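Computed from the coordinates by the stated procedures, all read-outs in this text should not be read as laboratory data. All values reported here derive from a predicted model rather than from experimental measurement. As a convention, Cβ positions derive from the backbone with ideal geometry for all residues, glycine included, and neighbour counts pool all protein chains shown.
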Amino acid sequence: MPPLPPPPLPPSPLLLPSHSSLLPLSFLNVDDIPFLMDHFAPTPFDHIPPQVFQRIRMFCYRYPAHSKCRKKEWITVQTISVPMQKNASDFLSVPEIPQVDVLKNVPKSLITGAPRFAFRELKKEDRETLLKTCLYEVKCLQQEEKSTLKREQIADLEINLAKKKGIDNLEDHVELRLMRTQQVKNSLLQFAGIADSVVPADDGTFQDDVLLTVQQSNHLINSINNPEARKKRQSLFLDDLPNEKWNVTKPIKYVLDSSLEMKDGQLVMKALDEIGSQTCIKFERVEEQPNESHLFFVKIPQSNICGLSYIGRVEDVNPIYLSFACEENFGIIIHETLHALGINHQQLRFDRDDYLIVKWENINPKLYDYFAVSDLKKFTSYGVSYDYYSIMHYGPYVGGVNSNKPTLVPKYQSERFLKVIGQRKALSDKDVELLTAMYCSKGCTDANVYCGFWALKRLCTDSSWMNKNCRKSCGLC
């Protein structure tokens, strides 16, 4: 009797029409990947959702000798062309968010000088200069392997955290967050007029080390894509968003994950002591993760990542991922902790161009989000002036095509401050001043996110409205 034919293969849930790649698909364990690889089409670029493709590539990156990874399609190469979302129609729709006109009931004399951009528009000459690198130096429509790898590393970190938090459909949860982050970056490119020529680096981060929540991404996308929204505030102005601001009437609790070695934990404690010794913000180490907001320091094995953090308090845990594999780890810990406290990068302030020359001819267009000036209606300076010494400032060579040439050049005393910007040694005096304004002026608030802008324009003494509504930025309490 001849042997029975093998049973038909079950239909793979992954071989879906190409538009299905837009869905945040729930995926499988790493152990399941080799089995599924047998059922894919000959080329990995057909009908495979991007996140699935990335997980397979990640598996074969880790286990190149595995028998299932010997097909040429799965061998890691320098650059790859994976299915990518480019246009707004390629992404899941973003919910519209009600707007609040922050300039309503503000005196006309103050409104006149208030910029109303969401993110500053890219000048035509800067746009043309930036895109020239796509002709010869940067493959602007391809994803680099390092971006894909970083995205998968972050996905793994976030999935592990989601497991600890008991989140249902955790793969979908993490994939949606990563997709939304990429959508923010793509929206920025569209606003800058370069989306047809550039695909942003799909590395899971915003500005290289910032993790965005889905809610934050939705706010940013609304702000960028809706012209009317650029007149209005949506989020991240922590004075009137107590759910994103930490309660510092008691110490902020933190947990050191078991992944940290003793010396790593000691460095984290030293960094938190540095913040606590100069501000009213205190920290308390606890052994078990509490059922309330806290910081969670995790050591990661990826040497290509120095640190990662969310901006502002995240319910109910703020993970801070650190590799301890970079120079000046002490300063990196402080930098990422300040992100968690709600502070953005210094070089993205609304007044950045008054202090820095941006060398667009040396900037990688795929990293445009590193240089997009932040929405003035989302982050306030509290009247603290621009600071070359800030531990939140990026270095002069960040995001460059030629790593030997600067992308950011200080306008004042250039040679001196080229050696200063990007320092990770300690909090600057103005870092302390900003933290103090944010957290240590009990009962003292600003009623408007523009208060910091107006204070820096020296308008505090010219208006009774300012004296009443901008007491924090004007230093009146």
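Kindly write out, for the stretch 389-401 in residue order, the coupling ³J(HN,Hα) from the Karplus curve 6.51 cos²θ - 1.76 cosθ + 1.60 (θ = phi - 60°), rounded to whole Hz, with x marking Gly and Pro.
Each residue of the stretch 389-401 in turn: 8, 4, 6, 9, 8, 7, x, x, 10, 5, x, x, 6 Hz.
Using the count of nearby Cβ atoms within 10 Å as a rough guide to exposure, how do MET269, MET438 rank from fewest to most?
Neighbour counts put them in this order, fewest first: MET269, MET438.
Taking the Cα-to-Cβ direction at GLU327 and at VAL409 and moving 7 Å from each Cα, how far apart do the two end points lie in nm?
In this crude label model, GLU327 to VAL409 measures out at 2.2 nm.
Using Cα centres only, tell me the gap between the stretch 277-346 and the stretch 129-155 in whole Å.
About 27 Å separates the Cα centre of the stretch 277-346 from the one of the stretch 129-155.
Under a point spin-label approximation (7 Å from Cα along Cα-to-Cβ), what is the THR112-LYS250 distance to one decimal in nm?
The two pseudo-label positions are separated by 5.0 nm.
On a full-extension model of 0.36 nm per residue, what is the gain between GLN142 and LYS457, subtracting their alpha-carbon distance, rounded to one decimal in nm?
That works out to 109.1 nm of additional length.
Too long at a 29 Å Cα-Cα cut-off: which of LYS132/LYS411; LYS146/LYS405; LYS282/LYS366; LYS124/LYS150; LYS430/LYS457?
As for pairs spanning more than 29 Å Cα to Cα, those are LYS282/LYS366; LYS124/LYS150.
How many nm is it between the label spots at ASP126 and ASN467, if each spot is 7 Å from the Cα in line with the beta carbon?
The modelled label-to-label distance comes out at 3.8 nm.
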